[in-house]
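Please treat every number below as a calculation from the coordinates, not as lab data. This structure is a prediction, so every number in the text was calculated from the model and none was measured. Note that we place each Cβ from the backbone using ideal geometry, even for glycine, and neighbour counts take in every protein chain shown.
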Amino acid sequence: MASIAELAGEANPLTPQNVLNALVLAASSTQQQVQTGTQQLQNWEKQENYYTHLQDVFLDHSVPPEVRYLSIIQLKNGIDKYWRKTATNAIKKEEKEHIKTRALQAGVVEPAPLLALHNALMIAKIMRYEFPQDWPDAISSLIALLRSSTQPGANPIQLPRTLTILLQIIKELSTARLQRTRANLQSVAPEVFHLLGSIYVEKVNKWASFLEQGGVDEAALLEVIEQSLVSLKVIRRLVIAGFEHPNRDKDVSEFWVLTHSHFSRFLGLIHGSVTMSEPIHRAVEKHLLQLSKLHVEMAKDRPASFALLPDSIPLVQSYWTLVVKLGENYSQLGADGESEGKSLMEKTGLRALLLIRACSKMAFNPAQTFKYQTPEDKEEKRRSVELIKSQLFTHDFVINVMELLVTQFFRFRKNDFQEWEDDPEEWERKEEDIAEAWEFSIRSCSEKLFLDLVIHFKELLIPRLLSVFYNFASPENRDVLLKDSLYSAIGLSAASLEQHLDFNKFLETTLVPEVQIQEQGYNLLRRRIAIVLGQWVPVKSNELNKNAIYQIFQHLLSKQDPLNDLVVRITAGRQLKNVLEPFEFSPTEFLPYAPAILQDLMALVQEVELSEIKMGLLDTVRMAVVKMEDHIGPFSDQILSLLPPLWESSGEEHLMKQAILTLLSSLIHSLKQESVRYHALILPLIQNSVEPGSETLIYLLDEALDLWSAILMQTPAPASPEILSLMPALFPIFEAATDSVPQALQIAESYILLAPQEVLSDRIRFQLLVSFETLLKYTTKQRLGVVPRLVELMLRGAESVDSGSEQTYNVITRTLLDSSFLAALLEGLHSAHEASQSTGPNRKQTSVYGVVETDYFSVLARLALAHPSIFVSAVSAATNSPDHHVLAWLLTEWFSHYDNIGSTTQKKLHALALTNLLSLPSNPNTHSHSHSHNQDPPQPPPSYLLTHLQSYLTMWTDIVTELAESLDDSTSTNPDDPRAGDYLIYWNNAQTAAATDDTEPPENIRKRDWDNNDVLHKINIRDFLRERLHALIVGCGGEQRFQEEWLVNVDRDVVGAFGALGLF
């Protein structure tokens, strides 16, 4: 082999030899060489013929296997990236043809199984992209290869390799979501199935007769068994994915019947009709499992076909006999240390239960489909449901199933008890997980099936269940195992039994005494009682004796009682969450038991080691904090002392840190203002969690922001320096523009309400507006309106600095200009103006419309209402154009948008602002000295305002009429009532405001105060308009000149409607 040149990546030209050299380097065991080789391969991956050279290496059997392996992996990955026609640097058509043809030819004779598998996976990927449009003969080529592989004298490796390729292709095509791909598969399925079926039958007959006669070489026998197994794997997928209605195909129906007899035949072989070695035994077992998978998948994915295929009901009944057999010694299974689900008997038993559950779903919860169904489809569906209900779920069968499930499969097995003893935490964690993964656990699957039956056969099963229950459910009965199963059934079916079982009586007469029995084995029942209470309390929360329930949990969590082992206490700790959660929970009822329960619960959090268990218990603590509200105060020190060591010891366990932050948020909300004393402990946690560049940022940001928000909401004013010092941490979050921005904006709002002076200080103001400007330009529609609203709040915050002096507004406006926020706002409004001025197919688009445009204008309105002259110079500076130019289009857009404003409050704000602009002099220079104001002759406003006089009159008529609508006549006509003609005036707040709730968060009070102090609720619209109108008329030279020069241009009806308001 040529010496390997380790040149810099780019220096090597793409040649077959260089590709081989780079692969050798990348497959070596030296880190440096691996990096060099990998880098070089990456540099070539977009070049023409690179993938052909990779395939050359794969096809060369003289190359070391690890290098060939790397070449096929690189080739397969390249096809993922560059095979699609639409991909950038897509592989050329000629190269694709070359790769496809050689992949198929080489794949059927590849000696190494692993390399053959990856080549098959690659072919399957290509098929998904190309079949049938660009590779129409792919399947026919495979069929031809399959036929020739069964001929005398064929290469013995050709059949298994062709089957492997076919298996991967069927797998790939059957998972496709596109209907077209599935239809393509269905068009070739019958031919492939026919051929595969005959190969499978021939191979099974061959190895079965070898087994029965004996004396055959084991390697040759295994080879034949392997071939029938792969054939069966392909058939299993093909029958489901390749046929829309398998029951309508004659070949499939015949094969279905054959699978029944094969299942019995293989089971007979396994159970000793012939002697087999371990590898042969395992291979036959695999056949059985493939058949059972086929039966279950048919019932789940093609329910109507399953029911209508020949002998399906007898098939399910024969599976049930396996379950009965398994039940005879189920509790003994695993006694030799073998874990659950490992033996063939358990695997087939589980499949049998899954099959019966699929049948119950088919009959009682048929899948609703949006697909078009022909009358034949609908008829088949109806017949299948009828068949399953009448022939399978007979009363006797349903009763037998329920009894067997409860008495046998709800029971714990020997190895459960062994694991409980050896590793209680791991056992309890597994129990939590198995409940979700019911398809892999006999006990969980039995519970699900039991519940299905109880729901659908209520009248039949509930009397029987209760009859058995009443016979055994008394403290005198000592059969702990059976009682555990029965209580499990009673807990699972709580929703169905609530009208039939007096659970409160059972609680008081049976559970309370039983939980105190000190006998070996009763820890099992104690665990079950905690679970049953967790299942029943949410169902009948109001009617149960809560004192008895809390006493039981207090007892079960106590470590003093030796029967309360770790499993019992963990289960009680986790189930307590379900007991506390219902809406009807009363903190005062729970209070007497809270000290002991919470003390033991928190001790348990420290005692356990598995983080999943700790988090589950912390979740219960969080629930107690939430539900107890301000009653949690006495326990808060204890809860908080738990958390720092947990935080430290959690290391990389970010889920644990999330749980701690979530618990702290709940605690802050429950403690309300009392939480201030914990700020010193909590604020550094927030700081660390939101630190830019920290490893925890990505995991903890959302929870840290929730906690930060909670603290601000519950903090009384004035805010501490520590809280204020956190504020700059918001800026990097705004810059990152992630999904956390809405929460960060909410925090910014809380700061504006809590400390407006700090927000408007030099330390914060500019940077905050720069962040807002970025969000305004590059943001999603959901956030468009939030940012302007916060800037509007900042402008209102000027009132709290020095009652809103001109100097303060000048400073804020300067920052609005320096940060480009005002420019971005006006740019958005200009885009809205251009869109409204254009029509037809070439109409300009804008993201600023509707409520968002209202919010944009509200920022300008606040500035115009406070200081019209600052407003005019600011918009002029922001757009770098004369004021008459910018205000011409701005006012046109503002007035045209006015009718689209939905909120009356905002309508009033905009009307006041636009009206206030009329106080501007046409020649501002004459008003430059404030001391001479009194001597200045009145001036008319600039003509660019007066040209909109008709719009002004229309707006005034609209807002005055709207604000008078909600008032009664006495208020409207009473001259002493400040609300006269304006229902938005808040008058005599001391008397009319509702009494504040002691438990109300300080932020809610701040929001209400901000609202009450808004100038909108102090200025009476009629008085304001009357005053401004009078000044306007005087400025224009009196009524007559005003009439002749300006009012004459206004529509007579508009003037008449406004005149009717009596304002002039």
- Note on the structure: Expressed in nanometres to one decimal, the distance between label points 7 Å along Cα→Cβ at residue 647 and residue 47 is 5.4 nm
- Item | Label-point separation in nm, residue 757 to residue 187, each point 7 Å along Cα→Cβ | 7.9 nm
- Cβ-based exposure ranking for 1036, 445, in which fewest neighbours within 10 Å come first: 1036, 445
- Task: Using DSSP to define loop residues, name the chymotrypsin sites (Phe, Trp or Tyr not before Pro) in the range 774-855 whose beta-carbon has at most 14 other beta-carbon atoms within 10 Å.
- Result: 778
- Can you give the convex hull volume per residue for the Cα atoms of the range 586-754, as a whole number of Å³? 111 Å³
- Query: Where the centroid of each part is defined by its Cα atoms, how far is the range 553-595 from the range 607-670 in Å?
  - Reply: 16 Å
- Item | Area projected by the alpha carbon convex hull of the range 400-544, averaged over all directions, nm² | 8.7 nm²
- Item | Radius ratio Rg over Rh of the range 157-281, counting only Cα atoms, Kirkwood formula for Rh | 1.02
- Message: Using alpha carbons only, how many angstrom separate the centre of the range 184-258 from the centre of the range 294-328?
- Response: 19 Å
- Task: Please provide three numbers in whole Å: the alpha-carbon extents of the chain along the principal axes, with the largest listed first.
- Result: 127, 84, 65
- Query: Binning every alpha carbon pair distance of the range 761-886 at 10 Å from zero, what are the percents per bin?
  - Reply: 13, 44, 33, 8, 2, 0
- Task: Using DSSP to define loop residues, name the GluC sites (Glu not before Pro) in the range 542-629 whose beta-carbon has at most 14 other beta-carbon atoms within 10 Å.
- Result: 584, 609
- Task: Evaluate E = 1/(1 + (r/R0)^6) for residue 500 and residue 289, where r is the Cβ-Cβ distance and R0 equals 41 Å; express this FRET efficiency to the nearest 0.05.
- Result: 0.50
- Item | Expected 222 nm ellipticity per residue - DSSP helices of 4 or more, -39500 (n - 2.57), all of the chain, to 500 | -21500 deg cm²/dmol
- Message: Helix 138-149 against the longest principal axis of the chain: what's the angle in degrees, Cα atoms only, rounded to the nearest 10?
- Response: 20 degrees
- Item | Added length on full extension, which subtracts the Cα-Cα distance from 0.36 nm per residue, residue 105 to residue 32 | 22.7 nm
- Query: For 885, 669, what's the fewest-to-most ordering of other Cβ within 10 Å of each Cβ?
  - Reply: 885, 669
- To the nearest 10 degrees, how steeply does helix 806-818 sit against the main Cα axis of the chain, on a 0 to 90 scale? 40 degrees
- Descending packing, highest mean Cβ count within 10 Å first, for 223-231, 352-360 is 352-360, 223-231
- Note on the structure: Expected unfolding gain across residue 374-residue 179 under the 0.36 nm per residue rule, minus the alpha-carbon gap, is 68.5 nm
- Note on the structure: Expressed in nanometres to one decimal, the distance between label points 7 Å along Cα→Cβ at residue 365 and residue 209 is 4.8 nm
- Mind pulling the angle between the C-alpha long axis of helix 480-492 and the longest principal axis of the chain? Nearest 10 degrees, somewhere in 0 to 90. 40 degrees
- Task: Could you calculate the FRET efficiency of residue 440 with residue 321 from 1/(1 + (r/R0)^6), where r is the beta carbon distance between them and R0 is 25 Å, rounded to 0.05?
- Result: 0.65
- Message: Give me the net charge for the shell around residue 551: Cβ to Cβ below 15 angstrom, other residues only, Lys and Arg +1, Asp and Glu -1.
- Response: -3
- Under 10 Å from the Cβ of residue 491, count the other residues' Cβ atoms, weight Lys and Arg +1, Asp and Glu -1, and hand me the total. 0
- Item | Under 18 Å from residue 505, Cα to Cα: lysines that are on another chain or at least 8 residues apart | 483, 540, 546
- Message: Quick check: convex hull over the Cα atoms of the range 240-290, volume per residue in Å³, rounded to an integer?
- Response: 79 Å³
- Item | Modelled FRET efficiency - R0 25 Å, residue 482 with residue 518, Cβ distances, 0.05 increments | 0.80
- Query: Around residue 249, which amide H atoms from residues at least 5 apart in sequence, or from another chain, sit under 5 Å from its own amide H, with H modelled in the peptide plane?
  - Reply: none
- Take each of the peptides 1044-1055, 710-721, average the number of other beta-carbon atoms within 10 Å over its residues, and list them starting from the highest. 710-721, 1044-1055
- Per-residue Cβ contact counts at 10 Å, fewest first, order 734, 364 as 364, 734
- Message: Under the 0.36 nm per residue contour assumption, what length would be gained going from the current alpha-carbon distance of residue 423 and residue 244 to full extension?
- Response: 59.6 nm
- Task: Translational diffusion coefficient, Stokes-Einstein: compute it for the range 823-891 using the Kirkwood radius over C-alpha pairs as Rh, at 25 °C and 0.890 mPa s, and state it as an integer in µm² s⁻¹.
- Result: 194 µm²/s
